[in-house]
Amino acid sequence: MLAAGSAQAAVLQYNYTGHELFPDYPSMLDGPFHELGPVPPKSLPAMHATLTIDEKHVPGGDLAGKTLSYSGNNTLEGVAEPPLPLYLLGLYLGGAPFYANYETGGHFYLEFDENKILKSWYIEQFDYISFFRIDSEGDRIQYEYFELGGIPYSAAPGSWSGPTPIPLPATAWLMLGLIGGLGVKAWRARNQPAS
């Protein structure tokens, strides 16, 4: 666990574990369904999420006591509009990256306490046939099943672990040293007098 007001900004990771989701209206599972379409399951596996934040790009360089939010859509070219914030290094909801393709949109609202622990959250991603949401009020998934329309599945809110600092790997330092060494060598070669 990190203390509030850490001297240095860090890359922090949070992991979410939810609960099994069940249909809001179990009678909807009785059909009718399109003969070629999928039959809805009796339940859905628990939601999981991973959130990675680079504190140096958070306003003030410190996540303690901050609220972060975003709302946008992907363009036809697959680019988030407006651009995703620089502090968001990764957000995976149910194993899929936030804004995986051009048919998606999404929102998040994240509230952190003075110890950088997530105390309130709302993360939603949607496309033309489904949406996924994890929320401090409860999780929700909805798929479209042809004539039946959307079947909402819900669960009680899950919990976040973290923050876990993510250190820069030792191999990254070696790569930086190698790149720096090659740069110095190239500079020397260019600036060496011709013989």
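List of remarks:
- Spatial offset of the stretch 149-165 relative to the stretch 96-137 amounts to 10 Å, using the alpha carbon center of each.
- Förster-model FRET efficiency, 45 Å R0, Leu29 and Lys56, C-beta, rounded to 0.05: 0.40
- Fully extended contour minus Cα-Cα distance, from Glu77 to Leu89, at 0.36 nm per residue: 2.3 nm
- Here the simple spin-label model places points 7 Å from the Cα toward Cβ, and for Ser136 and Glu103 these points are separated by 3.4 nm.
- Projected label distance in nm at Val39 and His19, using a 7 Å step from Cα toward the beta-carbon: 2.7 nm
- Low-density loop positions, GluC sites (Glu not before Pro), the stretch 35-83 - DSSP coil, at most 15 other Cβ in 10 Å: Glu35, Glu77
- Contact order, relative form, for the stretch 11-167: 30 percent (alpha carbon pairs under 8 Å, 6 or more residues apart, mean separation divided by residue count).
- Mean separation of Cα contacts under 8 Å, 6 or more apart, over the residue count of the stretch 93-135: relative contact order %: 33 percent
Here, each number is a calculation from the coordinates, and none is a lab measurement. Note that the structure is predicted; figures quoted are calculated from it, not measured. Don't worry about glycine lacking a Cβ; one is built from the backbone with ideal geometry, like all the others, and counts go over all protein chains shown.
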